[in-house]
Amino acid sequence: MDRYNNFAELAALEESSAYNVDAKDRHTRVCIIAPHGGKIEPGTSELARAVAGDVFSYYLFEGKKPNGNRDLHITSTNFDEPSGLSLVEGSEIAIAMHGCQGNEEIIYIGGRHRGLTDLMTETLRRRGFAVDVHQDPKLQGTDRRNICNRGRSGMGVQFELTRALRDRLADASGRSISPKLSDFVNAIREAVGVDRE
């Protein structure tokens with residue numbers, strides 16, 4: 001269970017130094033978000049930044065506490081931090097990076113944009129990633145209130161990456177085990193069609 005039901009509750013009880021918002025509105029059709037970034041779901045900020053690059057708008061809500069960052073988790077159907085909500089609602093499609101438990105390297109893909117999730121599943125598998133739909137309906141990203149589905153189209157994409165995969169992809173030590181972070185980024189950009197931005 002989340003400690004806070006919405007951002008107003010969180011902001012009222014947490015020190016401002018407990019979290020950070022990092023966002024860049026490039027007025028693109030697609031935005032990349034990590035609503036549980038930093039130390040809340042480690043690795044998701046790095047993945048969102050990598051996919052966004054200098055191409056897409058992005059938004060990160062990052063836990064910065066020395067410990068207890070799970071307290072800063074606001075479930076995606078309740079996530080309403082104002083600048084994040086504004087960026088998503090101003091975009092046609094949001095692609096959300098999340099983390100889930102798991103010792104195997106798996107990408108679980110969900111969201112209401114079935115056409116895009118099917119295409120991303122194909123491009124990711126072609127690059128060597130294991131892709132599936134999470135068995136837990138709460139991690140499938142299909143609720144209309146989910147932040148990933150609150151863009152203008154009403155349809156978005158939600159990634160749930162296992163801890164094992166996030167740790168490896170976000171590791172900046174230069175390990176070159178395939179598939180790499182660049183494969184992840186390129187698969188998503190290919191599916192979105194960055195030339196149409």
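Looking only at residues in the range 80-113 that are assigned to a helix (DSSP H, G or I) and touching a residue at least 12 places away in the same chain (Cβ under 8 Å), which one is surrounded by the fewest Cβ atoms within 10 Å (Cβ to Cβ)? Let's see the steps before the verdict.
Step one: filter the range 80-113 for residues assigned to a helix (DSSP H, G or I), giving 82-89.
Adding the requirement that they be touching a residue at least 12 places away in the same chain (Cβ under 8 Å) leaves 82-85, 87-89.
On the way: 82: 11, 83: 14, 84: 23, 85: 16, 87: 23, 88: 24, 89: 13.
Here the residue is 82.
Out of the residues in the range 28-43 meeting the condition of being in a strand (DSSP E or B) and of a type outside the set (A, V, I, L, M), tell me which one is surrounded by the fewest Cβ atoms within 10 Å (Cβ to Cβ). Ranking the qualifying residues of the range 28-43, first place goes to 38.
For the range 1-34, a residue qualifies if it is closer than 16 Å to residue 55 by Cα and of a type in the set (Lys, Arg), and the qualifying residues are 24, 26, 29. If you go through the range 1-23 and keep only what is in contact with a strand residue (DSSP E or B) (Cβ under 8 Å, 6 or more places away or on another chain), within 23 Å of residue 149 (Cβ to Cβ) and exposed (fewer than 15 other Cβ atoms within 10 Å of the Cβ), you end up with just 21. Within the range 44-72, the only residue that satisfies the criterion of being out of contact with any Ser or Thr (no Cβ under 9 Å at 6 or more places or on another chain), in contact (Cβ under 8 Å) with a residue 60 or more places away in the chain, more than 19 Å from residue 162 (Cβ to Cβ) and surrounded by 20 or more Cβ atoms within 10 Å (Cβ to Cβ) is 72.
With 131, 157 as the choices, which residue is surrounded by 15 or more Cβ atoms within 10 Å (Cβ to Cβ) and without any contact (Cβ under 8 Å) to a residue 40 or more places away in the chain?
On the way: 157 fails: without any contact (Cβ under 8 Å) to a residue 40 or more places away in the chain.
Going through 131, 157 in turn, the sole match is 131.
Tallying residues that are under 16 Å from residue 76 (Cα atoms) and either in contact with a Cys (Cβ under 7 Å, 6 or more places away or on another chain) or of a type in the set (Ser, Thr, Tyr) (or both) within the range 1-57 yields 3.
Which count do you get for residues in the range 151-173 that are modelled with pLDDT of 95 or more, of a type in the set (D, E, K, R) and more than 14 Å from the chain's Cα centre (by Cα)? Looking only at that region, the number is 1.
The values are calculated or read from the model by the stated rules, or taken from the named source; none is laboratory data. Everything numeric in this text was worked out from a predicted model, so none of it was measured. Every residue, glycine as well, gets a Cβ built from its backbone with ideal geometry; the counts of neighbours run over all protein chains shown.
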